[in-house]
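Quick notes on the structure that follows.
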Amino acid sequence: QVQLVESGGGLVQPGGSLRLSCAASGIIFSMYAMGWYRQAPGKQRELVAGISSGGNINYADSAKGRFTISRDNAKNTVSLQMNSLKPEDTAVYLCNVYFRGKTNWGQGTQVTVSS
């Protein structure tokens, strides 16, 4: 059974930084692409960044230049370094993996950007 556990969220002032982590179990982590998504109240869930098993990366336009996704296959974790945070980055951040025909989600971690 796939399990994804996010951590690292919190309250931060505009312009601040946070580093989110997602620990995965139940899969051969190095073989799978991982993604970070976010969902703000009343809005659809949207892709923030993705990283393939080979390390290819893509970012949403809103994340380019501010966020960095990375993976550590030895630790089965995918991270999202978020800098220059804005109030509009406030959302629940979730990681996901597509495994055996199913998209699997963690429980999410809340990020609130506010002064």
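Looking only at strands (runs of 3 or more DSSP E) that fall completely inside the range 68-115, which ones have 2 or more residues that are in contact with a helix residue (DSSP H, G or I) (Cβ under 8 Å, 6 or more places away or on another chain) and over 19 Å from I27 (Cβ atoms)?
Values: elements: 77-82, 91-99, 102-105, 109-113.
Once the strands (runs of 3 or more DSSP E) in the range 68-115 are filtered for at least 2 residues that are in contact with a helix residue (DSSP H, G or I) (Cβ under 8 Å, 6 or more places away or on another chain) and over 19 Å from I27 (Cβ atoms), what remains is 109-113.
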- Message: Any residue that is under 10 Å from the mean Cα position of the chain (by Cα) and either without any contact (Cβ under 8 Å) to a residue 24 or more places away in the chain or open to solvent by 60 Å² or more (accessible area, probe 1.4 Å) (or both) - is there at least one of those in the range 38-59?
- Response: yes
- Task: Could you list, in sequence order, all residues of the range 34-67 that are closer than 21 Å to V92 by Cβ, among the small types (G, A, S) and in a loop (DSSP other than H, G, I, E, B)?
- Result: A40, G42, A60, S62, A63
- Query: Scanning for something open to solvent by 60 Å² or more (accessible area, probe 1.4 Å), aliphatic (A, V, I, L, M) and either touching a Gly at 6+ places or on another chain (Cβ under 6 Å) or in contact (Cβ under 8 Å) with a residue 12 or more places away in the chain (or both), does the range 11-20 turn up at least one residue?
  - Reply: yes
- Query: Can S79 be described as in contact (Cβ under 8 Å) with a residue 24 or more places away in the chain, surrounded by fewer than 13 Cβ atoms within 10 Å (Cβ to Cβ) and not basic (K, R)?
  - Reply: no
- Unmet requirement for R66, which otherwise passes all of (1) of a type in the set (D, E, K, R); (2) in contact with a Lys or Arg (Cβ under 9 Å, 6 or more places away or on another chain); (3) open to solvent by 50 Å² or more (accessible area, probe 1.4 Å): (3)
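The values are calculated or read from the model by the stated rules, or taken from the named source; none is laboratory data. A quick note: this is a predicted structure, and the numbers were derived from the prediction, not measured. All Cβ positions, even for glycine, are placed from backbone atoms using ideal geometry, and neighbour counts span all protein chains on display. Heads up: the accessible areas ignore ligands, DNA and RNA and are worked out on the full protein's heavy atoms, side chains in. Shrake-Rupley method; radii C 1.70, N 1.55, O 1.52, S 1.80 Å.
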